[in-house]
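Notes to accompany the following structure.
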Amino acid sequence: MWARGPPEPRRRCWLRALRRRLPVLGWLPRYSPGWLQLDLIAGVTVGLTVVPQALAYAEVAGLPPQYGLYSSFVGCFVYCFLGTAKDVTLGPTAIMSLLVSSYAFHDPAYAVLLTFLAGCIQLAMGLLHLGFLLDFISCPVIKGFTSAASITISFNQVKNILGLHGIPRQFFLQVYETLRRIGETSTQRPRGPVCWPGGLLLPAEGLPAADAHRQHPPRPPPLPAAALLQGCAQRHRALRDDGGASQNDYRIDPNQELLAMGFANVLGSFFSSYPVTGSFGRTAVNAQTGVCTPAGGLVTGALVLLSLAYLTSLFYYIPKAALAAVIISAVVPMFDAGIFRTLWRVKRLDLVPLCVTFLFCFWEVQYGIVAGVLVSGVLLLYSIARPPLKVSGQGTLLVQPGSSLHFPAIEHLRDVICSRALSAAPSPCSIILDCHRISSIDYTVVAGLAELLQELRKHGISLAFCGLQDQVLRALLAADLEGFRHFPSWEEAERCSGAGPGGSGAAPFDSTSTSESSLLPTGLIQ
């Protein structure tokens, strides 16, 4: 019996690991026939949405329209097997298309190479479990980023509606040139098989004839030397987009999501895809139509393939004005005007990274994200360096830190304690540091507390600690601080504080007289 025991736990562990890497194994055995109808409806609905959007987003990316369709089916199939959210759909998005236009130089070869490199980075991040890094992008940064991108992308389409050419890509120059040349809006009928007013016909190089894609088999992404250098320099720009806010009922693993997107991009580069990610709009459509499993993506991908096979000859005659209208209607909901009012009521300081991100994104979208993350990081570090401190009492000062102590905060703590202790009239004879809310400290904090004990001792002031948690107490005992005393509660510390280290009252924990082994099991640690 014992000999057969160990293989069974190992097999269960192996099956759990496989199910974690292939989430489809978790929901497919439980697939109910009742889910099929809902998945079909959701897949068709999203498919009807993604086809016109894909054509339009390719225009934003500066690529021929068919590349939008090339980018729309691989992610659907891949995410069905590797994704952890039932609602999320992978494909081209407005913001990702805007980033691609900045670094693909309107060259499909660069765009496909960017897809391959972005997928490799995402795979590496997923395998190394670096998904937690995305947690450092705060909600105000995301809101500022998406709101600015909505305005940028929408205004970028005004030139297509007016039939203007030669408008620069930079937002402020684009606004200036569009307003300056608005009188040049064309009303002439262009040459071509079908005429549209305002020069709004798709150019001849827009979408090829129906048979062109049939002669486009899967192939590795191009790797010319120049493209490789450009792609390596900018590959990290396409790692994060507006994402998909899933209304899922099971846990979403960010590392598995990175693996799914990475594999979709790597595989998609063999089908001439440009970088894809989760879409806000199509994910919302997927959720609202009642999708039950990621199998809805199979229907969406199949619909895109059918469109590529039989409808491309019709796409040729779609005017640019129609695609511009599709883009504007898709990105306008991304602008969240209410977020400014909400942050003003909730926490006004969060308006700083929001506004910084929003304004910098009009210069370059990626610079706005970087600036917003940096500002959020500075605010986060400032809160660590200046934790809330409550000081009360007269003869005995009670100092209560509101959070854990880390090395940037120790100088602030020392300055507050020393300034209050030495400026008090009459000067207090003792200080109690309430450590109930301190769950961790580092070496710099320990060294700073040792210096604080010595400095206060020179002025005849004693410092006692109360409510030390187990981990923090071990650290302070290991440092063997001279004059270190610890009490279970601040009331006991206050009762015996007036007598000094050798007075009567509740017996303190003393590092010079009590070893760690005899101290910890007493049950007095709170």
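The values are calculated or read from the model by the stated rules, or taken from the named source; none is laboratory data. For clarity, every value in this text was computed on a predicted model and none was experimentally measured. Because the Cβ atoms are built from the backbone with ideal geometry, glycine has one as well, and the counts that use them run over all protein chains shown. Accessible surface areas use protein heavy atoms only, side chains included; no ligands, DNA or RNA. Shrake-Rupley method; radii C 1.70, N 1.55, O 1.52, S 1.80 Å.
Computed quantities for the displayed model
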read-out	value
Rounded if a/c under 1.5, otherwise prolate or oblate - segment 391-448, Cα gyration tensor axes	prolate
Ile41 accessible area, 1.4 Å probe, all protein chains in place, Å² to nearest 10	80 Å²
Rounded if a/c under 1.5, otherwise prolate or oblate - segment 345-426, Cα gyration tensor axes	prolate
Highest to lowest packing among 23-33, 282-292, scored as the average C-beta count within 10 Å	282-292, 23-33
Computed accessible area, Lys159, all protein chains, 1.4 angstrom probe, square angstrom	40 Å²
Square roots of five times the Cα gyration tensor eigenvalues for segment 295-390, Å	44, 17, 14
Segment 1-99: radius of gyration and largest Cα-Cα distance (Dmax), Å	19.5, 67
Whole-Å distance, taken between Cα centres, linking segment 365-415 and segment 310-344	42 Å
Stretchable slack from Trp27 to Tyr310, in nm (0.36 nm times residue separation minus alpha-carbon distance)	98.6 nm
Ile182, Ile252, ranked by accessible area, largest first (probe 1.4 Å)	Ile182, Ile252
Unit Cα scatterers, Debye sum, segment 349-486: log10 I(q)/I(0) for q = 0.17, 0.18 Å⁻¹	-0.87, -0.94
Shape call, segment 38-86: gyration tensor on alpha carbons, a/c limit 1.5	oblate
Linear extension gain, His459 paired with Val378, 0.36 nm per residue minus alpha-carbon span	25.5 nm
